[in-house]
Amino acid sequence: MLRWGQTLETDDRNLRKTTYENHNLRLVVHREIPEDDRLACQWNELVWQMECPEVFYTYEWALAVSRAYRESVTPLLILAYEQDSLAGVVALATNHDRRETFFLASATGDYCDFLSSPASRLEFLDLVLVELRRLKMPALVAASLPANSATACALGAATQRYGYKMFSRPASMCAQIGLGSSASRRNLKDSVINRKALRYSLKGLGKHGPVSVDHLKSRDSLNTALPEFMGAHITRFSVAGRRSNLADPQRQAFLAELAGLLSPEGWIVLTLLRVGDRPVAWNYGFIFSGSWFYYQPTFDTDWRQFSPGFCLLSKIVQAACDDPEIERVDLGLGAEGYKERFSTGTRQTLDVTVTASTARYLKETARYRVVAAIKSSPRFENGVRRILGRAPVGSG
């Protein structure tokens, strides 16, 4: 069991430093994401040590979330240092009543994790759980945790030592397109180009003007294109009787902040499919550590009959096949049917709840088992839906 060492309080209410006698590590806890170039550099060096580095883990992503969502959540940033070297980072957050702790990027990132070298993950998790216990945080909800991360195993071992209970359940299966060898890339590119549906759609688009693709990466070009992209996304959902998440000013602010922060690093790309001078489809995506991420696509509903979104994704896959530095196209969260036509593999994520409450643990477990039982039987699921459909308003 860890023993406490000296605790140092500073005059800054957002900062607390803690050291441990049994470790060479000291924790620094912030209630904000500091705008600090040295921290940014060390943070991103840790990202590259992860089993699978992701743009969602970067300092820039956390800073963009904290700037855009400052009215909704309060960051809880826990840093572990070995002397002056950063050895661990976890960007958490709390809601206003502080009853729950969660990944700061959980509402925006397709993957979230604790950052450290895999070999030191368990030690870092130990220290984080001790700190959460000291802060009297009753629950940690770790959503979108990659199942193949070292955290998935280490968290289970760490929770038992500190009186927490952990419940883990499968979350999303993220589709991916692995590109492989030069021969595999050529075969994949040829198969995409020769798809009858693609040729038909491009021919239809081509009747209205030359079809071209632009990959925007500079800050100025992104700032110019983002308003039209956001407007198209909002309109597309409105036509379908749904509400786009880009109707939320905080989401708009987040994408704008993120574009500004990632563009100097070359990690963001807004891809446009044009017919003549008119954009008809967009993908707000990323190129990072061998992945081209298909993050937030949309299209102009006036061109729906020509499947512009399908054409855009086809063009992205072709471009990725031509770039030897791209190893995969990650299609991210969501089980849309078009992804199955492209994917060659998947990546599982988990939703993990760590709680000190036995009642909450049992409630989470029971809820998951009931939902799983319902989904395993289509007749049972349809019956439940019919019953709920007849339930009087307000009865639930």
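Residues satisfying the criterion are absent from the range 16-34 (criterion: hydrophobic (A, V, I, L, M, F, W, C), modelled with pLDDT under 95 and in a loop (DSSP other than H, G, I, E, B)). Among the conditions (1) outside any helix (DSSP H, G or I); (2) surrounded by fewer than 21 Cβ atoms within 10 Å (Cβ to Cβ), V280 misses just one, which is (2).
Taking the criterion of being in a strand (DSSP E or B) and either free of Cβ contacts under 8 Å to residues at least 24 places away in the same chain or closer than 15 Å to P34 by Cβ (or both), the residues of the range 65-80 that qualify are T74, P75, L76, L77, I78, L79.
Out of everything in the range 134-145 that is crowded, with 22+ Cβ neighbours inside 10 Å and under 17 Å from G88 (Cβ atoms), what residue ends up being farthest from the chain's Cα centre (by Cα)?
Taking the candidates together, the pick is L140.
Comparison of G241, G260 shows that the only residue that is in the same structural domain as A319 (by TED's automatic domain parsing), surrounded by fewer than 22 Cβ atoms within 10 Å (Cβ to Cβ) and free of Cβ contacts under 8 Å to residues at least 24 places away in the same chain is G241.
All of C321, C311 fail the test of being touching a Lys or Arg at 6+ places or on another chain (Cβ under 7 Å), in the same structural domain as S291 (by TED's automatic domain parsing) and at pLDDT 85 or above, apart from C321.
Tallying residues that are closer than 14 Å to E228 by Cβ and in contact with a Ser or Thr (Cβ under 7 Å, 6 or more places away or on another chain) within the range 260-280 yields 1. Of the residues making up the range 256-309, those that are within 18 Å of A240 (Cα to Cα) and among the aliphatic types (A, V, I, L, M) are V280, A281. Here E228 fulfils each of the conditions (1) within 22 Å of the chain's Cα centre (by Cα); (2) surrounded by fewer than 19 Cβ atoms within 10 Å (Cβ to Cβ) apart from (1). Here E60, E131 are screened, and the one residue that is more than 21 Å from the chain's Cα centre (by Cα), outside any strand (DSSP E or B) and crowded, with 18+ Cβ neighbours inside 10 Å is E131.
Please work out if R243 is part of a loop (DSSP other than H, G, I, E, B) and farther than 18 Å from F56 by Cβ. In short, yes. Residues that are surrounded by 13 or more Cβ atoms within 10 Å (Cβ to Cβ) and without any contact (Cβ under 8 Å) to a residue 40 or more places away in the chain do not occur anywhere in the range 207-220. Note on the range 231-246: residues that are at pLDDT 95 or above and farther than 20 Å from V275 by Cβ amount to 9.
Residues in the range 201-220 that are part of a helix (DSSP H, G or I) and in contact with a strand residue (DSSP E or B) (Cβ under 7 Å, 6 or more places away or on another chain): L202, L205.
The values are calculated or read from the model by the stated rules, or taken from the named source; none is laboratory data. Keep in mind the model is a prediction, meaning the values are calculated, not measured. When we count neighbours, we look across all protein chains shown, and the Cβ atoms used for this are built from the backbone with ideal geometry, even at glycine.
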